[in-house]
Ligand SMILES: [Zn+2]
C-alpha cells in the first residue's frame, strides 16, 4: 500500500485517496477548431509510460482537495507531490512532463495559443 503525503493533511494511507488519472491534460475551449481526430485524441488517448507518470489525486476521505503527484509506475515510488496549477519541479518530474506526447498535441497547442491571446 502506498503512503501518500497530502499537501494539506500530511501522510495518509492510499485507501483515503482516489486517483483521477493523468495530470496536465489541456482542455480545448468550447469553440475550438480541432479536427475530429485531434478532439478524439484529447478525449480518449492517455499516456501510459513505464517509468515516471504524472497523476491527479484527490484526498476523498480527508480534505477532498485535488493535487498532483509524480510516481514511478515500476517501483510505485512517489517522486514528488505538487499543487494543482503547478508543474513538477524535480528533474524526473520535469522530464516526464516534457517527454509526454501530449506536449505536442493539437489540443495543447490550441490551449497555449489561447493563453497567449489573453495576455
Ligand atoms: Zn488532505
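No value in this document is a laboratory result; all are computed from the given coordinates. Only a predicted model underlies this, so the values are computations on that prediction, with no experimental measurement involved. So basically every Cβ, Gly included, is an ideal-geometry build from the backbone, and we count neighbours across all protein chains shown.
Return the Cα extents of the chain along principal axes one, two and three, sorted largest first, each rounded to a whole Å.
Largest first, the chain extends 43, 29, 26 Å along its Cα principal axes.
So how do 32-38, 59-65 stack up, highest first, on mean other-Cβ count within 10 Å? Spell out each step's value before the answer.
Working: 32-38: 12.3, 59-65: 14.3.
Peptide ranking by packing, descending: 59-65, 32-38.
Post the alpha-carbon centroid distance, region 88-119 to region 40-86, in whole angstrom.
15 Å
Which residue fluctuates the most in the chain, going by a Gaussian network model with Cα springs under 10 Å, if the choices are 102, 27, 71?
27
Per residue Cα convex hull volume for region 77-119, in cubic angstrom? Display every interim value, and only then the final one.
Values: hull volume 4.0 nm³, N = 43.
Given the Cα convex hull of region 77-119, per-residue volume reads 93 Å³.
Taking 0.36 nm per residue of separation and subtracting the Cα-Cα distance, what length does fully extending residue 89 through residue 14 add? Don't jump to the answer; show the numbers that get you there.
Working: separation 75, 0.36 × 75 = 27.00 nm, distance 2.29 nm.
Value of the extension gain: 24.7 nm.
When only C-alpha pairs under 8 Å and at least 6 residues apart count, what is the relative contact order of region 3-118, in percent?
Working: 171 pairs, mean separation 30.8, N = 116.
Over region 3-118, the number comes to 27 percent.
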